[in-house]
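Novice: Pasting a structure below so you can have a look.
Read-outs: derived from the displayed coordinates by stated rules, not from any lab. Please read all numbers here as calculations on a predicted model, not as lab measurements. Glycine also receives a Cβ, built like all others from the backbone with ideal geometry; neighbour counts cover every protein chain displayed.
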């Protein structure tokens, strides 16, 4: 299963952290952040993994699987 929300198409993003060390050069690596996917129950039965934003908004209640 992919790490993408099927309702809003939210996927992963690259991020970095800024390290301030009084003018010293400190390279930091990039990390990949994934969306918070949780199981949501569909009204017609079954369940899908959706992001918590869609879960709070109730978008899974109107979802029609293809």
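Novice: Could you calculate the contour length gain from residue 15 to residue 3, that is, 0.36 nm times the residue separation minus the distance between their Cα atoms, to one decimal place in nm?
Specialist: 2.7 nm
Novice: Here is a further query. For the chain, what relative contact order do you get, as a whole percent, if you take Cα pairs closer than 8 Å and at least 6 residues apart?
Specialist: After rounding, I find 31 percent.
Novice: I've got another one for you. How far, in nm, would the chain grow between residue 49 and residue 22 when pulled straight, counting 0.36 nm per residue and subtracting the alpha carbon separation?
Specialist: Full-extension gain reported as 5.3 nm.
Novice: Run the quick spin-label model on residue 31 and residue 66: label points 7 Å from Cα toward the beta carbon, then report their separation in nm to one decimal.
Specialist: It works out to 3.4 nm between the two label points.
Novice: Equivalent-ellipsoid semi-axes (√(5λ), Cα gyration tensor) for segment 17-58, whole Å, largest first?
Specialist: Output for segment 17-58: semi-axes of 41, 10, 4 Å.
Novice: Using just the helices of the chain, give the 222 nm mean residue ellipticity in deg cm²/dmol: DSSP H runs with n ≥ 4 each add -39,500 (n - 2.57), and the total is spread over all residues, rounded to 500.
Specialist: -2000 deg cm²/dmol
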